[in-house]
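Remarks on the structure that follows.
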Amino acid sequence: MWNLLFILTENAYNNLNTKPTLQIGDNGNDVKELQTILKNLLYYTGNIDSKFGKETETAVKRFQFHNKITASGIVNNQTWTLLDTLYGKLNKCAVEEEIDNENNNDNIYTVVKGDTLYSIARKFNTTVDELKRLNNLSSNILSIGQKLIIPTSQETKPTTTYTVVSGDTLYSIARKFNTTVDELKRLNNLSSNTLSIGQKLIIPTSQETKPTTTYTVVSGDTLYSIARKFNTTVNELKRLNNLSSNILSIGQKLIIPTSEETKPTTTYTVVSGDTLYSIARKFNTTVDELKRLNNLSSNTLSIGQILKIK
């Protein structure tokens, strides 16, 4: 079989004199092309630096050995021809795509620690098969620093980053940014729900993300009173803050949804003779609104009592 192949490609050997013989110590564009081809064929895992060093020589020897020619580490006409004959179409496609995309950094992604083809595919809204096709990959193995061609589309979702703080969970972060736990795990290649303080997370962004502010719980606060104060609901506060009960502690920080409808409040100290009705008339509001803001279940007031007033 090999004898027949070499007979059929004898003319190719004679016509390949434009390819120089390469060996350790050489450098330049021909070495760069060699490294690119070997990398696409998964023989070379180093940087494409146009320098024929030990790592490149080892990759050449592996290629030569696996294809049953003398494993000298020297790239002569026979090695060039074998690359061209056996893998010509695939190599040409890979090299042309690499060159075409050198000036388009938006289409190139550099593999970092923890990356997998699956996580990268999900991150860029594509598929593993598409990544393998574009990058001429025959396996799912990646190396840190490896450059991958990424298909671009208008469907790629913009993202931002978030730093995990004490008390955060995937659930609370997902609710905060109007996304899901599954989406966060997909974007960040997480296999569990465990987070660490200071960890950086990729967060999908959209125009639907609601702005928030923070509020510090003070004495007398309840979820109900805070919700009424900020024109929201108890369920929304529990959702944003990942609360499983209505219990609050003084000094606790709460995430509060904000909107143009949120109305500021001030405070008023009850004096002798005050009633809810007189205070409501004084501040152009209603008794029901005062009771709602202050979580009052009756109309009884005490001198010195602090009331929230819109």
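The values are calculated or read from the model by the stated rules, or taken from the named source; none is laboratory data. All figures in this text were calculated on a predicted structure; none of them were measured in a lab. Note that each Cβ is placed from the backbone with ideal geometry, even for glycine, and that neighbours are counted across all protein chains shown.
Got at least one residue in segment 198-221 being farther than 30 Å from T180 by Cα, at pLDDT 85 or above, β-branched (V, I, T) and in a loop (DSSP other than H, G, I, E, B)? Checked segment 198-221: at least one residue is farther than 30 Å from T180 by Cα, at pLDDT 85 or above, β-branched (V, I, T) and in a loop (DSSP other than H, G, I, E, B). Restricting attention to segment 181-200, the residues that are more than 14 Å from the chain's Cα centre (by Cα) and among the polar types (S, T, N, Q) add up to 5. Checking every residue in segment 74-91 against the condition of being outside the structural domain of V31 (by TED's automatic domain parsing), of a type in the set (D, E, K, R) and either surrounded by 15 or more Cβ atoms within 10 Å (Cβ to Cβ) or modelled with pLDDT of 90 or more (or both) gives zero matches. Each residue in segment 109-142 was checked for being modelled with pLDDT of 85 or more, within 21 Å of L184 (Cα to Cα) and among the small types (G, A, S), and 0 pass.
Here's the yes/no breakdown for (1) modelled with pLDDT of 90 or more; (2) out of contact with any helix residue (DSSP H, G or I) (no Cβ under 6 Å at 6 or more places or on another chain); (3) farther than 30 Å from V112 by Cβ:
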{"position": "Y13", "(1), (2), (3)": "no, no, yes"}
{"position": "D26", "(1), (2), (3)": "yes, yes, yes"}
{"position": "N29", "(1), (2), (3)": "no, yes, no"}
{"position": "E33", "(1), (2), (3)": "no, yes, no"}
{"position": "T36", "(1), (2), (3)": "no, no, no"}
{"position": "G46", "(1), (2), (3)": "no, no, no"}
{"position": "K54", "(1), (2), (3)": "yes, yes, no"}
{"position": "K68", "(1), (2), (3)": "no, yes, yes"}
{"position": "S72", "(1), (2), (3)": "yes, yes, yes"}
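Say whether the condition of being acidic (D, E), without any contact (Cβ under 8 Å) to a residue 40 or more places away in the chain and farther than 30 Å from F177 by Cβ is met by at least one residue in segment 289-301.
The answer is yes; a qualifying residue exists.
Screening segment 114-149 for residues that are assigned to a loop (DSSP other than H, G, I, E, B) and among the small types (G, A, S) and picking the one that is nearest to T160 (Cα to Cα) gives G114. Restrict the check to segment 172-189 and report whether at least one residue is of a type in the set (S, T, Y) and modelled with pLDDT of 85 or more. No: segment 172-189 contains no residue that is of a type in the set (S, T, Y) and modelled with pLDDT of 85 or more.
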